[in-house]
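Notes follow the structure.
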Amino acid sequence: MTEGLPRVERHEAADRAGKAALRAAHDLTEALSEDGDDVPEPVVLRRGGPHRSLDGLAALLDQALEENEALRDDEVRQGSEALEENEGTAGGTDAGT
């Protein structure tokens, strides 16, 4: 039944792009889960949203990396403050004995 229909290059191109995008999302998920510490959520491909340029994607990735770095810095700062508090408490206890 489909043999008699003409080929539509635009549809074939969209199919190829869709397959490539799904493979890329799958590869990203695999790469993110290689460390095995905590398996991330799968990378989801949304085709209904606004289309982004490569520069927009780079900016989005940079923003996410900056947020992760800020969170990591906060954790380190909180850990060092807790360590200082414990050393201060321990030092006060030792001085009294």
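Only the coordinates and a few stated rules stand behind these numbers; no lab work does. Note that this is a predicted model, so its numbers are computed, not measured. Cβ: placed from backbone, ideal geometry, glycine included. Neighbour counts: every protein chain shown.
With the biggest extent put first, the Cα atoms of the range 47-86 measure 52, 18, 7 Å across the principal axes. If R0 equals 41 Å, the separation of the Cβ atoms of Asp62 and Leu5 corresponds to a calculated FRET efficiency of about 0.35.
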